[in-house]
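Heads up, the thing below is written out as structure tokens.
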Amino acid sequence: MKTRLWLLLVPALLAAGCGPVEDTEAPVIDELTGQVLLEATTKYDMHRLMEDADIIGGQWITTAQVQAFLQQYNSYLATYKDPAWGNKTAAALIVERSRAYSISPLYMLARIQVESSLVQSGTSNNLSKATGCGCPDGSGCDAQYTGFGNQIECSAKKMRGYFTDLDAGRTTIAGWKVGLAKSTLDPCSVTPVTKATAALYTYTPWVGAYATQCGRTTVGGSSLVRVIFERYKAAYAWGSGGCFSETAGATLPVDGCVQSSSDALWRQCLSTGAFTAGSTAKPSTCTVSYPWCSSATLGRSVPARTCVQSAGDSQWHQCAVEGAWQSAPSAPTTGSGPAGTCYAMYAL
């Protein structure tokens, strides 16, 4: 209630013998998403909204953990299965699609809540646009991204694309880059300090109500992602189990190394749950490693978990930890060996 109105009401309240009147101001609604904005209890630096590891870390987070987290909030997503993605649960899709692009499932949960409120909602409202991906401000959503699984895939893929550009020293598709000043739609002039911050503004070019410098009060914006991320980070015992690697098909311990199947670069697991950017030389401090294996049969090296039928003895072998070939007799029938599912299979 505004001060002026309160002063006008005081005499009448005293005459009637009534107690204090509660403040009944209407909640502030986000003009972009239609969600009720949180009370601004914390303000962050708009130039450094999040750290890189906040978005590309958390690879140890499991489907079971995300499922428990959703149940903790009585979320509609706790029981949802997406028929367009083989009836996989929401938790499975969040973890699998995030991991596929080395994006943190915890960040994805925050993104979902900011864009659609689904994490803490008991209804399916906004399910088809869960992450707001492919849904530009002021227009409808692209039909190809409609649906929960498609939304997670779209969001994770786009964020990975932004980081790929930033890792290469380029600006993102929207012109954001670390150290480069650019205006948001609030508008505010922002100079990102981290790649994560540049990526956030590429996804949502609004600072919003939860940064110290901008002054916007009617839009949650990218600063709200930080607020929700910090809240969710503290609301559940996520732990820290290393880094999940698609190449190795396993969670590597801190300082574990893997030679990526996508580009053959070496990446090492950091304590934050994120991998280093990549190098051509194997790090000297690897506690365990998954290099490519040299195959005499193929005449070249192949990524970890690759299964090959040897020209020497006609037996199947799989490229495993430390670059060792291990016997994999079940590969032709099960498609897997001692190191897990075959990355690729080469029969004679």
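The values are calculated or read from the model by the stated rules, or taken from the named source; none is laboratory data. These numbers were taken from a predicted model, which means no experiment stands behind them. Quick reminder, even Gly has a Cβ in these numbers, built from the backbone with ideal geometry, and neighbours come from all protein chains shown.
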Counting only residues that are within 15 Å of T306 (Cβ to Cβ), β-branched (V, I, T) and in contact with a Gly (Cβ under 6 Å, 6 or more places away or on another chain), segment 234-274 contains a total of 0
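Name the single residue that is surrounded by the fewest Cβ atoms within 10 Å (Cβ to Cβ) among those in segment 87-99 being closer than 12 Å to I61 by Cα and among the aliphatic types (A, V, I, L, M).
Going through the qualifying residues, I end up with A92.
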Unmet requirement for T306, which otherwise passes all of (1) surrounded by 15 or more Cβ atoms within 10 Å (Cβ to Cβ); (2) of a type outside the set (A, V, I, L, M, F, W, C); (3) under 30 Å from G169 (Cβ atoms): (3)
Before we move on, is D313 within 30 Å of L348 (Cα to Cα) and among the acidic types (D, E)? yes
What residue, among those in segment 216-268 that are among the hydroxyl-bearing types (S, T, Y) and part of a loop (DSSP other than H, G, I, E, B), is nearest to T131 (Cα to Cα)? T218
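Residues checked against (1) at pLDDT below 95; (2) within 30 Å of L166 (Cα to Cα); (3) in contact with a strand residue (DSSP E or B) (Cβ under 6 Å, 6 or more places away or on another chain); (4) of a type in the set (D, E, K, R):
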site: C293; (1), (2), (3), (4): no, no, yes, no
site: T297; (1), (2), (3), (4): no, no, yes, no
site: V308; (1), (2), (3), (4): no, no, yes, no
site: G312; (1), (2), (3), (4): yes, no, no, no
site: Q315; (1), (2), (3), (4): no, no, no, no
For segment 307-348, give me every one of the strands (runs of 3 or more DSSP E) that falls completely inside it and has 2 or more residues that are of a type in the set (F, W, Y) and in contact (Cβ under 8 Å) with a residue 12 or more places away in the chain. none
Quick check on segment 219-230. Is at least one of its residues basic (K, R), closer than 18 Å to L106 by Cβ and either crowded, with 24+ Cβ neighbours inside 10 Å or not assigned by TED's automatic domain parsing to the domain that holds L109 (or both)? yes
Quick check on my filter: what residues within segment 94-138 are farther than 12 Å from C154 by Cβ, over 11 Å from the mean Cα position of the chain (by Cα) and of a type in the set (A, V, I, L, M)? V114, L118, V119, L127
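Being without any contact (Cβ under 8 Å) to a residue 40 or more places away in the chain and not in a strand (DSSP E or B): is that true of S301 here?
Considered against the rule, which asks whether it is without any contact (Cβ under 8 Å) to a residue 40 or more places away in the chain and not in a strand (DSSP E or B), S301 comes out as no.
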Pairs under 7 Å by beta carbon, first residue under 22 Å from E31 (Cβ atoms) in segment 190-208, partner at pLDDT below 95 and among the acidic types (D, E), six or more apart or different chains? W206/D186; V207/D186
Against the condition among the hydroxyl-bearing types (S, T, Y), within 16 Å of A199 (Cα to Cα) and either within 18 Å of the chain's Cα centre (by Cα) or in the same structural domain as I228 (by TED's automatic domain parsing) (or both), how does T79 come out, does it pass? no
Residue among S139, S98, S124, S128 that is at pLDDT below 95 and part of a helix (DSSP H, G or I): S128
Can you name every residue in segment 100-148 that is touching an Asp or Glu at 6+ places or on another chain (Cβ under 9 Å), among the small types (G, A, S) and surrounded by fewer than 22 Cβ atoms within 10 Å (Cβ to Cβ)? A100, G134, G147
Counting just the residues of segment 242-284 that are buried (at least 16 other Cβ atoms within 10 Å of the Cβ) and hydroxyl-bearing (S, T, Y), which one comes out farthest from E322 (Cα to Cα)? T272
